[in-house]
Amino acid sequence: MTEKLDAIIVGMNVAGATVSKELASLGVDILVVERLSKDRIGEKTCGDGLEKHEFRRLNLPIPKGDFIIRDITKGELIAPDRKSSIVAQAEGLGINRYHFNQHLVKSAINAGVRIKDDTLALSPLLEGYGDSKRVSGIKIRDKKGEIEKIEAKMVVDCSGLFAKIRNQLPISWWVSEKVSNEDTAVCYRETRVLNYDLDELFVRAYFSEDVAPGAFYWIGCRDLRSLNIGVGVLRVPGYPNPRRQFYTELLPRHPFLKKGKITWKSGGIVPARRPLECMVANGFIAVGDAACQVNPISGGGIGPSLFAGKLAAHIIHKAIEKKNTSIEFLWDYNLKYNHQYGFIQAGGHAMRLGLFSLNDSDINKMLGAKLLSDEEILYAIEHGKLQSGFTSKLKMARKLAKYPKLLLALRKMQIHMEKARSLYLEYPETPKDFLEWRKKVRRFFSIR
Ligand SMILES: Cc1cc2nc3c(=O)[nH]c(=O)nc-3n(C[C@H](O)[C@H](O)[C@H](O)COP(=O)(O)OP(=O)(O)OC[C@H]3O[C@@H](n4cnc5c(N)ncnc54)[C@H](O)[C@@H]3O)c2cc1C
């Protein structure tokens, strides 16, 4: 059976629930296809944190609801030798991720969204030739195992990092950019409950090449007895499995966790790079992890997905109204996303490359000697740049000549972050200038 719709959305986690709710509220005829059953959406490996600064920057209301577990007022970054740390006055929320996602799903359904759950999107449908070739729908397999083609004016890929539809579009399309494994981190996480109360609530991120090469591991309190513990490892060939790292490296370093009762364990992969260079094609938009819309340093992707979901919905609504779903018409999505948040991700990508090229001994020195202060690190995560004040301190520190190599590396990182941000702030206004821009971006990131 063939249905003709305005838009079909693949996936109903943060991105899909947001796009679909907005589109339904705007009166657009849509359907969501989700591989999980409705009540399982949100069973996701997560750090369970929301950063308020992202909501403010993106003009989103700070989430409220009984999915909020607690306020987070500080975050600690711990050096590999665990002798020094930076305590940043963070502003965040600890959430129950499952309840948060269920809240988004219910709000979307209340707004009139129709969902086919337990249904797998299999592949895109294409029509037309040459430059006017477009996405015209998707093929699905429903809960009874029946294969069906669904036609729509727009297909919205919100299926997460593996971007089920995007990754099957013609290789020559700009949107088909491959995300390299090295730009993603694979994580293993458990929640554990202790049989006694801790003295205080904390969220700690630990640098350690031995435990979490290319990324970090974390221990965060959900409350005084229950903890969220995870290890992230960059997906580089030869790097270890994070689950093994959890048991052989993390637990021996923090023996108090061994007694905790495991209440959840799962793995997940998070993008750790700038956004996809182009997130649209004729009749197609990618949103959320499918477009790599995640802060590359913190791994926070909920705020950007909520923002991009709303943005995509408004552009799709206009495109349907104007009967123009061409890449040229949808380009505004690329432009607005990159001007509002993509440039911060680009700076964060450069920061990740700089930070994780340092070895443990450098990071011990950096945190021990407070070469970067707590405010500077927090600012860098939030803005994708190091504050200009860092340079003058650098000069002063240089006089000390104690860590010349390390300071040089930090200065280089600062310059790269600035450059990466400006490249994304110069995102081309129309597709005409895209290839020239992409050449510059690829040259910049390939030599980092
Ligand atoms: C270990 C880890 C910790 C994280 N911690 C945080 C954090 O603390 N704070 C934060 O803000 N972000 C965090 N993130 C990032 C955040 O989880 C993601 O950025 C966010 O979930 C992106 O939402 P999404 O809807 O784009 O994709 P996803 O959450 O990946 O959702 C994709 C949806 O599509 C469905 N789907 C997939 N394939 C198909 C298919 N073929 N057919 C139909 N449906 C399909 C899936 O079932 C799923 O429901 C973390 C990520 C990881 C891996």
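Could you please let me know if I297 is assigned by TED's automatic domain parsing to the domain that holds P80 and either within 12 Å of the ligand (Cβ to nearest atom) or crowded, with 20+ Cβ neighbours inside 10 Å (or both)?
On the way: assigned by TED's automatic domain parsing to the domain that holds P80: no; either within 12 Å of the ligand (Cβ to nearest atom) or crowded, with 20+ Cβ neighbours inside 10 Å (or both): yes.
No; evaluated as a whole, the condition is false for this residue.
Quick test of your reading of the structure: I138 fulfils all but one of (1) more than 14 Å from the ligand (Cβ to nearest atom); (2) within 27 Å of the chain's Cα centre (by Cα). Name the failing condition by number.
So I138 meets the others, but not (1).
Of the residues that make up region 61-71, is at least one within 16 Å of the ligand (Cβ to nearest atom), of a type in the set (A, V, I, L, M) and open to solvent by less than 40 Å² (accessible area, probe 1.4 Å)?
There is no residue in region 61-71 that is within 16 Å of the ligand (Cβ to nearest atom), of a type in the set (A, V, I, L, M) and open to solvent by less than 40 Å² (accessible area, probe 1.4 Å).
Out of region 164-219, which residues are among the basic types (K, R) and within 12 Å of the ligand (Cβ to nearest atom)?
Pass one, region 164-219, residues among the basic types (K, R): 164, 166, 178, 189, 192, 204.
Listed by number, the residues that qualify are K164, R166, R189.
So in region 27-44, with the set limited to residues that are open to solvent by 60 Å² or more (accessible area, probe 1.4 Å), within 15 Å of the ligand (Cβ to nearest atom) and modelled with pLDDT of 95 or more, which one is nearest to L161 (Cα to Cα)? Spell out the reasoning first.
Just the residues of region 27-44 that are open to solvent by 60 Å² or more (accessible area, probe 1.4 Å), to begin with: 27, 29, 35, 38-40, 43-44.
Going one step further and asking which of them are within 15 Å of the ligand (Cβ to nearest atom), we end up with 35, 38-40, 43-44.
Of the ones still in play, those that are also modelled with pLDDT of 95 or more are 35, 38-40.
Details: R35: 14, K38: 20, D39: 21, R40: 18 Å.
Going through the qualifying residues, I end up with R35.
Which residue pairs have Cβ atoms closer than 7 Å, lie 6 or more positions apart in sequence or on different chains, and pair a first residue in region 52-76 that is among the hydroxyl-bearing types (S, T, Y) with a second residue that is open to solvent by less than 80 Å² (accessible area, probe 1.4 Å)?
T73/A90
Looking at region 396-440, which of the residues that are small (G, A, S) and either in contact with a His (Cβ under 7 Å, 6 or more places away or on another chain) or modelled with pLDDT under 95 (or both) is least open to solvent (accessible area, probe 1.4 Å)? Spell out the reasoning first.
Step one: filter region 396-440 for residues small (G, A, S), giving 397, 401, 409, 420, 422.
With the extra rule that they be either in contact with a His (Cβ under 7 Å, 6 or more places away or on another chain) or modelled with pLDDT under 95 (or both), the set shrinks to 397, 401, 409, 420.
On the way: A397: 16, A401: 65, A409: 39, A420: 0 Å².
So, considering only residues that are small (G, A, S) and either in contact with a His (Cβ under 7 Å, 6 or more places away or on another chain) or modelled with pLDDT under 95 (or both), the one least open to solvent (accessible area, probe 1.4 Å) is A420.
Condition test on R114, is it assigned by TED's automatic domain parsing to the domain that holds I320, over 18 Å from the mean Cα position of the chain (by Cα) and more than 20 Å from S305 (Cβ to Cβ)?
Taking the combined requirement at face value, the residue satisfies it.
Can you name the residue in region 226-257 that is among the charged types (D, E, K, R) and surrounded by 15 or more Cβ atoms within 10 Å (Cβ to Cβ) and, of all such residues, is farthest from V186 (Cα to Cα)? Spell out how you get there, then give the answer.
The initial filter retains those residues of region 226-257 that are among the charged types (D, E, K, R), namely 235, 243-244, 249, 253.
Checking the rest, the ones that are also surrounded by 15 or more Cβ atoms within 10 Å (Cβ to Cβ) come to 235, 243, 249.
Details: R235: 6, R243: 10, E249: 16 Å.
Step by step, filter region 226-257, then rank; the result is E249.
Which is surrounded by fewer than 22 Cβ atoms within 10 Å (Cβ to Cβ), of a type in the set (A, V, I, L, M) and either within 15 Å of the ligand (Cβ to nearest atom) or more than 29 Å from Y379 (Cβ to Cβ) (or both), of A79, A88, A24, A15?
Details: A79 fails: either within 15 Å of the ligand (Cβ to nearest atom) or more than 29 Å from Y379 (Cβ to Cβ) (or both); A88 fails: either within 15 Å of the ligand (Cβ to nearest atom) or more than 29 Å from Y379 (Cβ to Cβ) (or both); A15 fails: surrounded by fewer than 22 Cβ atoms within 10 Å (Cβ to Cβ).
Only one candidate qualifies: A24.
Suppose we filter N359, N334, N324 for residues that are outside the structural domain of M417 (by TED's automatic domain parsing) and open to solvent by 10 Å² or more (accessible area, probe 1.4 Å); which single one remains?
On the way: N359 fails: outside the structural domain of M417 (by TED's automatic domain parsing); N334 fails: open to solvent by 10 Å² or more (accessible area, probe 1.4 Å).
Only one candidate passes the filter, namely N324.
Give the number of residues within region 107-124 that are touching a strand residue (DSSP E or B) at 6+ places or on another chain (Cβ under 7 Å) and over 17 Å from I30 (Cα atoms).
Within region 107-124, residues that are touching a strand residue (DSSP E or B) at 6+ places or on another chain (Cβ under 7 Å) and over 17 Å from I30 (Cα atoms) number 2.
Do we find that R134 is assigned by TED's automatic domain parsing to the domain that holds G232 and of a type in the set (D, E, K, R) in this structure? Please lay out each step first, then the result.
On the way: assigned by TED's automatic domain parsing to the domain that holds G232: no; of a type in the set (D, E, K, R): yes.
So R134 fails the test.
Counting residues that are under 22 Å from F202 (Cα atoms), which strands (runs of 3 or more DSSP E) fully inside region 10-109 reach at least 2?
Strands (runs of 3 or more DSSP E) meeting the threshold: 49-51, 68-72, 75-78, 85-88, 92-95.
Taking into account only those residues within region 312-347 that are part of a helix (DSSP H, G or I) and free of Cβ contacts under 8 Å to residues at least 60 places away in the same chain, which is farthest from the chain's Cα centre (by Cα)?
To start, the set of residues in region 312-347 that are part of a helix (DSSP H, G or I) comprises 312-321, 327-347.
Add one more test, that the residue is free of Cβ contacts under 8 Å to residues at least 60 places away in the same chain, and what stays is 315, 318, 321, 329-330, 332-333, 336.
On the way: I315: 21, K318: 26, E321: 31, F329: 26, L330: 22, D332: 21, Y333: 17, K336: 17 Å.
Among residues in region 312-347 that are part of a helix (DSSP H, G or I) and free of Cβ contacts under 8 Å to residues at least 60 places away in the same chain, the one farthest from the chain's Cα centre (by Cα) is E321.
The values are calculated or read from the model by the stated rules, or taken from the named source; none is laboratory data. None of the values given here were measured: they were computed from a predicted structure. Cβ sites come from the backbone with ideal geometry, for glycine too, and all protein chains shown count toward neighbours. With ligands, DNA and RNA removed, areas are computed over all heavy atoms of the protein, side chains included. Shrake-Rupley method; radii C 1.70, N 1.55, O 1.52, S 1.80 Å.
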